[in-house]
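Since the structure comes first, as structure tokens, the remarks are kept for the end.
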Amino acid sequence: MEIKHHFSLKEHNTFGIAALSKAYTAPSSLQQLKEALGYYYNQDVFLLGGGSNMLLLNDIEKPVIHVLLKGITITETNGDLVLIQVMAGEDWHEFVLYCMDNNLAGLENLSLIPGNVGTSPIQNIGAYGVELKDTFYSCDVIDLKTLEEKTLSLADCQFGYRDSIFKNEALGKYVITSVTFKLQNLNKNNDYQFKTSYGAIKEELHRLQGNFTIQKISQAVIQIRKSKLPDPKKIGNSGSFFKNPVIERTQYENLIKTHPDIPFYKVDEGHVKIPAGWLIDQSGFKGKRFGDAGVHDKQALVLVNYGSATGKEILEVAQHVQKAVYHRYGIRIDTEVNLIDE
Ligand code: EPU
């Protein structure tokens, strides 16, 4: 097992924050991961995946285990259904492209989401009308206390909007080693329901013309995301920095008296969700830059690092935005990105 000391994590978090790790190891097989967990048994470790949903506020004092397990295996086929097990360190988008190449349907709307497969269940990644939970079958984990291996089912994971058991009662309890998805093999099925209700997808598909295919939907999503969201390889970011707030319907009805154009999505009879991007945009922050930290100019929900911003500088911008939105609309917007201060 190789341990690197004072190792820079700049290349390993999509925000590009130059935090250091005191001790860093990167297991690429289940065996190596178990060895690392055994080595650090009884110590708090910091588990790193694709680094796409976190803001590093300081250097990391805990030993960092960078989970880089690789492998994709079809474990079961039943008619047009395929169970496919993907090791945690596989890149999410590359896995989606693998599915497109093999005509496996279910994840096309989730194209180009940064990060690794192993961390995708934690926040139940979602985009364009689809969430991870829609095709999730199970995941394998190792309990960090007992080192016992377990399989968690869909029900066990308690998925919600950008939420799961891994953010609540199982926070810090497990390392996810693989995720199994239940996909449809379109070579054996031709009545698959494409998920194209999301307005922007419809428009983009119209432009691409012809019949719907999952490959076209994937291309449409890639186009939309490229036009709105910054590429983390060029400008550091973590996608949506904030969650879309859910508010009481009565508060919404009061707000439309003064802000009649406020967009909303119905959640249930008593609640609506308001796009945080709109609230931030209307509060005047879109495209605003404070040193190397700022708010993206095409999507106000995304905070960006133009080069050498520190995590704390990004956090200051976030807090500034939260205060302004609260002041203007009386709505608190919570961070979606995990703030890491270990
Ligand atoms: N809007 C603005 N100004 C902005 C941004 C958005 O007015 O700067 C308005 C838009 O015009 C639209 C509404 O806000 O009316 C919603 O915007 P959009 O459709 O772009 O989606 P979103 O709610 O901002 C969510 C997810 C994204 C996901 C998209 C597409 C959250 C927090 N974010 O964004 O997820 O890609 O829907 O499904 O739920 C991510 O999690 O990293 C992410 C990018």
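The values are calculated or read from the model by the stated rules, or taken from the named source; none is laboratory data. A quick note: this is a predicted structure, and the numbers were derived from the prediction, not measured. Cβ: placed from backbone, ideal geometry, glycine included. Neighbour counts: every protein chain shown. Surface accessibility is based on the protein's heavy atoms, side chains included, excluding ligands, DNA and RNA. Shrake-Rupley method; radii C 1.70, N 1.55, O 1.52, S 1.80 Å.
Probing with 1.4 Å while keeping every protein chain in the model, the per residue accessible area of segment 8-118 equals 39 Å². Taking every protein chain into account, the accessible area of segment 236-340 amounts to 49 square angstrom per residue (probe 1.4 Å). In the context of the full protein assembly, Phe285 retains an accessible surface of approximately 20 Å², using a probe radius of 1.4 Å and ignoring ligands and nucleic acids. Computed from backbone phi, the HN-Hα couplings of segment 249-256 come to 4, 5, 5, 4, 5, 5, 5, 5 Hz, rounded to whole numbers (Karplus: 6.51 cos²θ - 1.76 cosθ + 1.60, θ = phi - 60°; Gly and Pro given as x).
Can you give the net charge of the other residues whose Cβ lies under 12 Å from the Cβ of Asn103, counting K and R as +1 and D and E as -1?
Overall, the nearby charge balance is -2.
Accessible area of Glu342 (1.4 Å probe, protein heavy atoms only, ligands and nucleic acids ignored): about 80 Å².
In percent, what relative contact order does the chain have, based on Cα pairs under 8 Å that are 6 or more apart in sequence?
Reported relative contact order: 17 percent.
Take the Cα radius of gyration of the chain and divide it by 2.2 N^0.38 Å, with N its residue count; two decimals is plenty. Scaled against compact globular proteins, the figure is 1.02.
Report, in deg cm²/dmol and to the nearest 500, the calculated mean residue ellipticity at 222 nm for the chain, where each DSSP H run with n ≥ 4 adds -39500 (n - 2.57) and the sum is divided by the residue count. Write out the running numbers ahead of the final one.
Details: 8 runs with 85 residues, N = 342.
One gets -7500 deg cm²/dmol as the mean residue ellipticity at 222 nm.
The accessible surface of the chain, taken with every protein chain in place and a 1.4 Å probe, is 47 percent carbon and sulfur.
Diagonalising the gyration tensor over the Cα atoms of segment 111-159 and scaling each eigenvalue by 5 before taking the square root yields semi-axes of 23, 13, 7 Å, largest first. Placing unit charges on each Cβ (+1 for Lys and Arg, -1 for Asp and Glu) gives the chain a dipole about its Cα centre, and among Leu186, Tyr326, Leu97 the Cα reaching farthest toward its positive end belongs to Tyr326. Cross-link check: pairs Lys226/Lys312; Lys288/Lys312; Lys182/Lys226 evaluated at a Cα-Cα cut-off of 19 Å; pairs beyond the cut-off: Lys226/Lys312; Lys182/Lys226.
Over segment 4-66, consider all pairs of different Cα atoms and compute the Kirkwood hydrodynamic radius from their mean reciprocal separation; express it in Å, one decimal. Let's see the in-between values first.
Numbers: mean 1/r = 0.0840 Å⁻¹.
It works out to 11.9 Å.
For segment 72-228, the C-alpha radius of gyration sits at 1.06 times the compact-globule guess of 2.2 N^0.38 Å, with N the residue count.
Compared with the rule-of-thumb size 2.2 N^0.38 Å for a compact globular protein, segment 236-340 has a Cα radius of gyration ratio of 1.09.
Over all distinct Cα pairs, what is the inverse of the mean 1/r for segment 131-189, reported as the Kirkwood hydrodynamic radius in Å? About 12.4 Å, per the Kirkwood formula over Cα pairs.
On the basis of the beta-carbon distance and an R0 of 41 Å, Asp44 and Asn78 show a calculated FRET efficiency of 0.45.
How many percent of Cα pairs in segment 201-257 exceed 19 Å?
Tail of the P(r) past 19 Å holds 56 percent of the pairs.
Here the contact order of segment 72-228, divided by its residue count and restricted to Cα pairs under 8 Å and six or more residues apart, works out to 28 percent.
Excluding residues on the same chain fewer than 8 positions from Lys22, give the aspartates and glutamates whose Cα lies under 16 Å from its Cα. Qualifying aspartates and glutamates at Cα under 16 Å: Glu2, Glu11, Asp44, Asp59, Glu61, Asp341, Glu342. Placing unit charges on the Cβ atoms only, positive for Lys and Arg and negative for Asp and Glu, gives segment 98-196 a dipole magnitude near 120 debye about its Cα centre.
Charging the Cβ of each Asp and Glu at -1 and of each Lys and Arg at +1, and nothing else, the dipole of segment 58-97 about its Cα centre rounds to 100 debye.
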